[in-house]
Structures are given as C-alpha cells and as structure tokens.
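Here's the structure, in structure tokens; my notes come after.
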Amino acid sequence: MTTNEPSFRESVDLMFNRAAALLDLPPGLEEKIRVCNSTYTVRFGVKLRGRIHTFTGYRSVHSEHMEPVKGGIRYALGVNQDEVEALAALMTYKCALVEAPFGGSKGGLCIDPREYDADEIEKITRRFAYELIKRDLIDPAQNVPAPDMGTGEKEMAVMADQYARMNTTDINARACVTGKPPHAGGIQGRVEATGRGVQYALQEFFRHPEDIAKAGMSGSLDGKRVIVQGLGNVGYHAAKFLTEEDGCIVTHVIERDGAVVAENGIDVDGLRNWIAEHGGVKGYPYGTYVEDGSVCLEADCDILIPAALEGVINLGNAANVKAPLIIEAANGPVTAGANDILMEKGTVIIPDLYANAGGVTVSYFEWVKNLSHIRFGRMQRRQEEARHQLIVDELERISKDSSINWTLSPNFKTKYLRGAGELELVRSGLDDTMREAYAAMRAVWHGRDDVRDLRTAGFLVSIDRVASSYQAKGI
Ligand code: GLU
C-alpha cells in the first residue's frame, strides 16, 4: 500500500461518509453510528515450551443498536486496533444489509497460527476466550464471535467449551459462538457459507442484464474468466462452486508465495491439495508459477475475486486493474482511494458488506438453531415427504385410471419426494438472503441519480436501517 493511503478504518469511514451525506439524518446521529463504541485490549500470558509467551488480543464493539453484537475473531500477525475497529464497523453494516439481527463487533489476536501446534493453539485460544468471557465479550445474548482469517471450527469449539465451563447453568451456552463443528452445536453449511454467498451474489448479479451491461459485460456466468486472490476458506469455496456449478474458468490463483496461471482453467481442488501439502503454490505442475503474485491482480479477466486481506487493491495498482467486475469476498480489499479510481474507470464493484455476508448469515441460522435447541427440518421433513408422496400417488393413479399414458420420470420423483435436510435449508435461506439484500441495494443503485455505485447503495440501505433502529429506541 502507498503511504498516502488512509488507514483501513479511515477508509471504511470515508465510504460511510459518502453514503451518510446522501441521507437526511437527525443532527449527531451520523457520528453516533460511525464511531466505534468500545475496543477492549488484553495482554495475557501462556506458558508454552518452558517459558511464558505474552499475547495481545482485541475485541471491538462498533454498534449495539441490536444485541448480541456479532463478528469473527482473526488470528494474524498484522492484527491491530485500527483493523479490528474497521472490521467491526463493516460487521454493523453487513448485518444490517442482510437483516441479521445483530450489532457489529470483531476480534483479533496478534499471532501467526502456523507457528504453533494444535495443542498450543488450544491453550492460547482457551486463555483468550477466558479473558473475553470474563468481560461478557463472549456471551450468547451480548457478543457472539465466529471464525475469521486464521481461525475455524476448532477454535470456536474451544471457545464454546470454555464458556460452558464458566457458565455451567446457561442453557443457551452453545449460542455463545458460531462456526462450531456440527458435532459441537454447529450447523451444516457454515464452513462453505462465505464462499457460497459469493457464488449466490454473482448468480444474482448475472440475473440482471442491465447490471451486467453496467460492467460492460454480457451473457451468463458460464465461461467467465476469473482471478482469485487467496485460496483460503472463502476463496476456495467461491472458486470451487463457481467452476463446478456455474461454468466459470479460474485462470489465476494468487497466494502468499506467488501465483499460478493456467489460461485453460485451474483445478481448484487439485491446487488446494497441493498448497496443503507443500505450503504454497510454487511447484504446482499444472500451471505457470509467477513469483510476484500481485501483478496477476492486473491481468485480463472478467471477474476479480479478492478473497484474503484488506487493502490489496490500492492507490498503487488500482489504475492497472483490468477486471470489469470485482467482487469483494474479503473485507476491505479495495481502499477508498482505489475505489474512486475504479469508479471513474467504470469498474463495477460488488462490495464486501454484501458480497461476503454469507458467513454471518449462516452464523445467524446457527445461533437460532442453538437457541431453539433443535435442528432445522427435524419437525417437518418427513411430513413434507409424505405430502409429496400423496401427490405423486394421485398423479399416477389418475394417469392409470384415465389411461393417459404418461409417467413421472424417476429423476423427478426422487428429487420431488425428498424433503429438505439442514444443509438444503441453510443454502435456501442463504440464497434468499443474498437475493433480498441485492434487491434492496439495487433499488437504490438504479433509483437514485446521486448514487453511482453498489457500495454507496449498500451503505445507504444499512445506515438507514441502523438509524431507524436507533430512532425507534429513542436515542
Ligand atoms: N468473520 C466473518 C465475517 O467477517 C463471519 C462473522 C460471523 O459469522 O459472525 O463476516
């Protein structure tokens, strides 16, 4: 990033300000919404390898207009207060846009998780969780963390267990974090959720010829050439679903140690397995290796998917980015300055607060599942199947009695007769959420002359909803 770039938090605030200026908010409310309510910093020691190691962690609460507040916990060396505050603010706007009934929060721990083994990570996570639980910064009714960069199901299971140990009579203890493994109170489809949401967002975008034309494109997702930056959980699932189900071709994958280029398409699973085994993309036999991966952000393509860190598209490279369509699978990958340059060029950006909201949407489903203490579909699935069977039997009887001589295809019958399980319900709820949120953003994008981009439209919808919530409460 170049030095005259604002910080991540300032960048988010600049984007907020642009939208807030278009709203007629009561005096002072704009500032109340923008500012981060609180950030807790904790330094704690853990004895590892015969000595005490001191770690620094954060939990930032941006807005409590709805509680609990929600947002992931990141394990990365670059974690700092500015970053968690920016990410917490994005959570507020994201939740409002997809109507997940939460305020925004985010946490982080300054640590390179690859330097520690599984037992050490568990010990560190347990201690960090203890510090947060003590201050109600992990609590089913007040603050519900989730995975983010560097964390996953295991860390969430440890945090949930730590909470249960400290709150032995809390019947809703499991709802204290989301992103847990299914056998520890999680929900099917949470791991894939953010990547799945990126796919649903693109599918929805490509349902609107007018919007596709704004990016200077035409047609469907089929055959579109895609660059993916970051093949972590989000980038991997987005790339996998887009190639396997929508006919996209991933030509470039950019990772920490460089990029792989294959104009005929990269086998996403093959590359992911290679990275897991070799620690990077270097040496992958089915593509060309490029040591300075960042140059690939500027390669020709139809869709660019930044799916890792913030600020990767910045004042230094924005002018050279050729993608007509960028979808922000990561939080804050495009800086405020880069955003302006890209807008001038006519690049369409599907913004983070919408594009990566799949994770928190399915977290919401998990939280509801934990509070209701029952798996989705358990009550109605077989009843639904029985009703479908009635229709099929009746149709077959009519056809036989009236000798019309037609039959239902076995494929139709199998599909129609099967009631939805938890995974199907989660995907259906996520798809619906992504479509509804897009519709809300799109109405503003197309409906107001003073709104030129989807990001401003998304912020406008969110700020308006947060403002209404504050006003309803009388603040
Ligand atoms: N860390 C994810 C995000 O940035 C998920 C948050 C959540 O599920 O609460 O949206």
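With a/c under 1.5 counting as rounded, go ahead and sort region 312-382 into rounded, prolate or oblate using the C-alpha gyration tensor (a ≥ b ≥ c being the square roots of the eigenvalues; past the cut-off, prolate if a/b is larger than b/c, else oblate). The shape class here is prolate.
Using heavy-atom solvent-accessible surface (probe 1.4 Å) with all chains present, what is the largest-first order of HIS373, HIS252, HIS53?
HIS373, HIS53, HIS252
Using C-alpha pairs below 8 Å separated by at least 6 residues, the relative contact order for the chain is 16 percent.
A crude spin-label estimate for the pair ASN320 and HIS53, with each label 7 Å from Cα along the Cβ direction, gives 3.7 nm.
Rounded to the nearest Hz, the phi-derived 3J(HN,Hα) couplings of region 269-276 under the Karplus curve 6.51 cos²θ - 1.76 cosθ + 1.60 (θ = phi - 60°) are 5, x, 5, 4, 5, 4, 4, 4, where x marks glycine and proline.
In straight-distance terms, cross-link reach from LYS106 covers every one of the lysines whose alpha-carbon lies under 16 Å from its own, apart from those fewer than eight places away in the same chain; here that gives LYS70, LYS94.
Find the accessible area per residue for the chain; the probe is 1.4 Å, ligands and nucleic acids are left out, and the unit is Å².
Value returned for the chain: 43 Å² of accessible area per residue.
Taking the average, over residues, of other Cβ atoms within 10 Å as the packing measure, peptides 25-31, 7-13, 264-270 rank 7-13, 264-270, 25-31 from highest down. The simple spin-label model puts a point 7 Å past each Cα toward its Cβ; for ARG207 and HIS278 those points are separated by 4.1 nm. Computed in the context of the full set of protein chains, the accessible area of region 82-181 at 1.4 Å probe radius has 46% of its extent on carbon or sulfur. On full extension, the segment bounded by ARG43 and ALA472 gains 150.6 nm, given 0.36 nm per residue less the C-alpha separation. VAL360 sits with roughly 10 Å² accessible to a 1.4 Å probe, with DNA, RNA and ligands left out of the calculation. The accessible surface of region 195-351, taken with every protein chain in place and a 1.4 Å probe, is 48 percent carbon and sulfur.
Over the chain, what is the percentage of antiparallel beta bridges among all DSSP beta bridges, to the nearest 5? Percentage antiparallel, nearest 5: 50. Each residue of region 215-227 was assigned a 3J(HN,Hα) from its phi angle through the Karplus expression (A = 6.51, B = -1.76, C = 1.60, θ = phi - 60°), giving 8, x, 10, 8, x, 10, 5, 4, x, 6, 8, 10, 10 Hz with x at Gly and Pro. Excluding same-chain neighbours fewer than eight residues apart, the lysines reachable from LYS415 by a Cα-Cα span under 23 Å are LYS400. Using Cβ point charges alone (K and R +1, D and E -1), the dipole size of region 345-475 about the Cα centre works out to roughly 180 debye. Label separation (VAL392 vs LEU423): 2.0 nm, computed from points 7 Å beyond Cα along the C-beta direction. Using only the Cα atoms of the chain, build the gyration tensor, take square roots of its eigenvalues as a ≥ b ≥ c, and label the shape rounded, prolate or oblate: rounded if a/c is under 1.5, else prolate if a/b is larger than b/c, else oblate. Cα axes put the chain in the rounded bin. For the residues GLU245, GLU366, GLU120, a 1.4 Å probe over the protein chains yields an accessible-area ranking, largest first, of GLU245, GLU120, GLU366.
Ranking LYS473, LYS369 from most to least accessible surface, computed with a 1.4 Å probe over the protein chains only, gives LYS473, LYS369.
Ordering VAL360, ASN317, GLY377 by the projection of their Cα atoms onto the charge dipole of region 294-401, which places +1 on the Cβ of Lys and Arg and -1 on the Cβ of Asp and Glu, puts GLY377 at the extreme positive end. Net charge of the neighbourhood of GLN199, taken over other residues with C-beta under 11 Å away and scored Lys/Arg +1, Asp/Glu -1, is -3. Fully extending the segment from ALA443 to ARG114 would add 114.0 nm, taking 0.36 nm per residue of separation and subtracting the current Cα-Cα distance. Accessible area per residue was computed with a 1.4 Å probe on protein heavy atoms; ARG427 scores about 70 Å².
Count Lys and Arg as plus one, Asp and Glu as minus one, and take only other residues whose Cβ is under 10 Å from that of PHE241; the net charge is then -2. Rolling a 1.4 Å probe across all protein chains gives PHE365 an accessible area of roughly 30 Å².
The values are calculated or read from the model by the stated rules, or taken from the named source; none is laboratory data. Please read all numbers here as calculations on a predicted model, not as lab measurements. All Cβ positions, even for glycine, are placed from backbone atoms using ideal geometry, and neighbour counts span all protein chains on display. Each accessible area value is taken on the protein alone, full model and side chains, heavy atoms only, with ligands, DNA and RNA left out. Shrake-Rupley method; radii C 1.70, N 1.55, O 1.52, S 1.80 Å.
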